[in-house]
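**Q** Here's a structure for you.
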Amino acid sequence: MPSKKALVRRPSPRLAEGLVTHIEREGIDADLAVEQWEAYVTALRAHGWDTIEVDPADDCPDSVFVEDTVVMYRNVALIARPGAESRRDETAGVEEAVAGLGCSVNWIWEPGTLEGGDVLKIGDTVYVGRGGRTNAAGVQQLRAAFEPLGARVVAVPVSKVLHLKSAVTALPDGTVIGHIPKMDTPSLFARFLPVPEEAGTHVVLLGGDKLLMAASAPKTAELFSDLGYEPVVVDISEFEKLEGCVTCLSVRLRDLYV
Ligand SMILES: NC(=O)NCCC[C@H](N)C(=O)O
């Protein structure tokens with residue numbers, strides 16, 4: 001049967017040194033960050049996800065943002081090549097974890113760069129943000145890896161935020177949600193619902209009507225409740241100070257048959 005496994009990675013003790021690109025740096029409370037991460041993992045587990053901890057990468061400040069290191073399509077794990085050089089050592093442990101789970105492993109190679117936060121899958125459509133972290137060669141390599149497996153890869157310009165999924169994700173019915181002031185080209189998405197908060201664009205589909213969301217997007221949570229969804233809210237303030245969001249703290253392995 002389809003898997004409900006999700007990769008997570010414990011925050012590095014050097015989390016406070018994580019990268020910031022589009023926002024002002026703020027101090028991080030390391031203990032609170034660990035508490036928030038544990039609550040996030042508990043929320044996944046409470047909704048039936050079997051969480052698998054990738055070995056920690058304590059020397060890599062941004063390693064908790066495990067989503068950026070690998071992109072899953074069916075049983076294939078495409079190991080990213082982060083555009084941020086300080087993040088390149090994060091991929092080895094993730095490669096080991098996905099290989100250990102029986103995934104087929106493929107890689108983004110130099111000169112390609114690609115981070116998982118730039119990849120949004122909706123059914124067999126794979127949107128990929130071409131922005132600060134993912135280059136044209138990365139997009140080509142993603143196409144070459146996934147189109148033979150049945151994916152349709154759609155490239156999306158991203159200039160106002162860190163990753164495509166910093167401003168756009170999707171609801172369970174495939175409706176794309178986004179925060180228009182942070183999007184380059186909202187018209188690329190056929191069925192699109194604007195949301196009032198940037199953090200409201202980040203949802204992790206927990207199953208059924210349940211959407212894991214950040215506490216920093218109360219108006220969007222209200223909008224989703226009104227549409228018949230059930231927001232499951234977690235506070236991830238310490239990760240948001242590093243441009244992180246609920247989506248980047250895990251990788252769900254939905255199509256892995258084990
Ligand atoms: N997928 C994501 O949204 N990842 C967040 C990464 C944040 C980290 N501080 C970075 O700049 O790489």
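The values are calculated or read from the model by the stated rules, or taken from the named source; none is laboratory data. Treat the numbers as computed from the prediction; the structure is a model and nothing was measured. Virtual Cβ from ideal backbone geometry, glycine too; neighbours counted across all protein chains shown.
**Q** Any residue that is in contact with a Cys (Cβ under 7 Å, 6 or more places away or on another chain) and not acidic (Asp, Glu) - is there at least one of those in region 121-130? Give the steps one after another, and end with the answer.
**A** So in region 121-130, the residues in contact with a Cys (Cβ under 7 Å, 6 or more places away or on another chain) come out as none.
Within region 121-130, not a single residue is in contact with a Cys (Cβ under 7 Å, 6 or more places away or on another chain) and not acidic (Asp, Glu).
**Q** Can I ask one more? Give the residues of region 76-89 that are within 18 Å of Arg14 (Cα to Cα) and within 10 Å of the ligand (Cβ to nearest atom), sorted by residue number.
**A** The answer is Ala84, Ser86, Arg87.
**Q** Residue by residue through region 78-103, note down the ones that are surrounded by 23 or more Cβ atoms within 10 Å (Cβ to Cβ), assigned to a helix (DSSP H, G or I) and of a type outside the set (Val, Ile, Thr).
**A** The initial filter retains those residues of region 78-103 that are surrounded by 23 or more Cβ atoms within 10 Å (Cβ to Cβ), namely 78, 80-82, 87, 90, 94, 98.
Checking the rest, the ones that are also assigned to a helix (DSSP H, G or I) come to 87, 90, 94, 98.
Of everything in region 78-103, those that are surrounded by 23 or more Cβ atoms within 10 Å (Cβ to Cβ), assigned to a helix (DSSP H, G or I) and of a type outside the set (Val, Ile, Thr) turn out to be Arg87, Glu90.
**Q** Sort out which residues of region 202-223 are in contact (Cβ under 8 Å) with a residue 24 or more places away in the chain, more than 11 Å from the ligand (Cβ to nearest atom) and surrounded by 20 or more Cβ atoms within 10 Å (Cβ to Cβ), and write them in order of number.
**A** Correct list: Val203, Val204, Leu206, Leu211, Leu212, Met213, Ala214, Thr220.
**Q** Just a yes or no: is a residue in region 176-184 crowded, with 16+ Cβ neighbours inside 10 Å, in a loop (DSSP other than H, G, I, E, B) and touching a Lys or Arg at 6+ places or on another chain (Cβ under 6 Å)? Write out each step before concluding.
**A** The initial filter retains those residues of region 176-184 that are crowded, with 16+ Cβ neighbours inside 10 Å, namely 176-179, 182-184.
Cutting the leftovers down to in a loop (DSSP other than H, G, I, E, B) gives us 179, 183-184.
Checking the rest, the ones that are also touching a Lys or Arg at 6+ places or on another chain (Cβ under 6 Å) come to none.
Looking through region 176-184, none of the residues is crowded, with 16+ Cβ neighbours inside 10 Å, in a loop (DSSP other than H, G, I, E, B) and touching a Lys or Arg at 6+ places or on another chain (Cβ under 6 Å).
**Q** Shifting gears a bit: If we keep just the residues of region 192-224 that are in a helix (DSSP H, G or I) and out of contact with any strand residue (DSSP E or B) (no Cβ under 8 Å at 6 or more places or on another chain), which is nearest to Leu171 (Cα to Cα)?
**A** Among those residues, the one meeting the criterion is Leu223.
**Q** Return the pair list, or none, for Cβ contacts closer than 7 Å from residues in region 81-93 that are aliphatic (A, V, I, L, M) to residues that are buried (at least 18 other Cβ atoms within 10 Å of the Cβ), at least 6 apart or on different chains.
**A** Ala84/Arg133
**Q** Is there any pair linking a residue in region 226-249 that is free of Cβ contacts under 8 Å to residues at least 24 places away in the same chain and within 14 Å of Ile23 (Cα to Cα) to one that is among the acidic types (Asp, Glu) and in a strand (DSSP E or B), with Cβ under 9 Å and at least six apart or on different chains, and which?
**A** Sorted first by the residue in region 226-249, then by its partner, the list stays empty.
**Q** Do we find that Ser159 is modelled with pLDDT of 95 or more and closer than 25 Å to Phe224 by Cα in this structure?
**A** Answer is no for this residue.
**Q** Given the structure, is Tyr73 surrounded by 13 or more Cβ atoms within 10 Å (Cβ to Cβ), farther than 22 Å from Ser237 by Cα and away from the ligand (no atom under 13 Å from the Cβ)? Let's see the steps before the verdict.
**A** Numbers: surrounded by 13 or more Cβ atoms within 10 Å (Cβ to Cβ): yes; farther than 22 Å from Ser237 by Cα: yes; away from the ligand (no atom under 13 Å from the Cβ): yes.
It is true that Tyr73 is surrounded by 13 or more Cβ atoms within 10 Å (Cβ to Cβ), farther than 22 Å from Ser237 by Cα and away from the ligand (no atom under 13 Å from the Cβ).
**Q** Follow-up question, since we're still on this one. Go through (1) under 17 Å from the mean Cα position of the chain (by Cα); (2) aliphatic (A, V, I, L, M); (3) part of a helix (DSSP H, G or I) one by one and return the number of the condition Val20 breaks.
**A** With (1) under 17 Å from the mean Cα position of the chain (by Cα); (2) aliphatic (A, V, I, L, M); (3) part of a helix (DSSP H, G or I) applied to Val20, the lone miss is (3).
**Q** Continuing with the same structure: Of everything in region 108-120 that's over 19 Å from Lys182 (Cβ atoms) and either among the hydrophobic types (A, V, I, L, M, F, W, C) or within 14 Å of the ligand (Cβ to nearest atom) (or both), which residue is farthest from the chain's Cα centre (by Cα)?
**A** It comes out as Trp109.
Rundown of residues vs (1) away from the ligand (no atom under 15 Å from the Cβ); (2) more than 22 Å from Ala46 (Cα to Cα); (3) of a type outside the set (Asp, Glu), yes/no style:
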| position | (1), (2), (3) |
| --- | --- |
| Pro148 | yes, yes, yes |
| Arg152 | yes, yes, yes |
| Gly174 | yes, yes, yes |
| Pro181 | yes, yes, yes |
| Pro186 | yes, yes, yes |
| Phe189 | yes, yes, yes |
| Pro231 | yes, no, yes |
| Ser237 | no, no, yes |
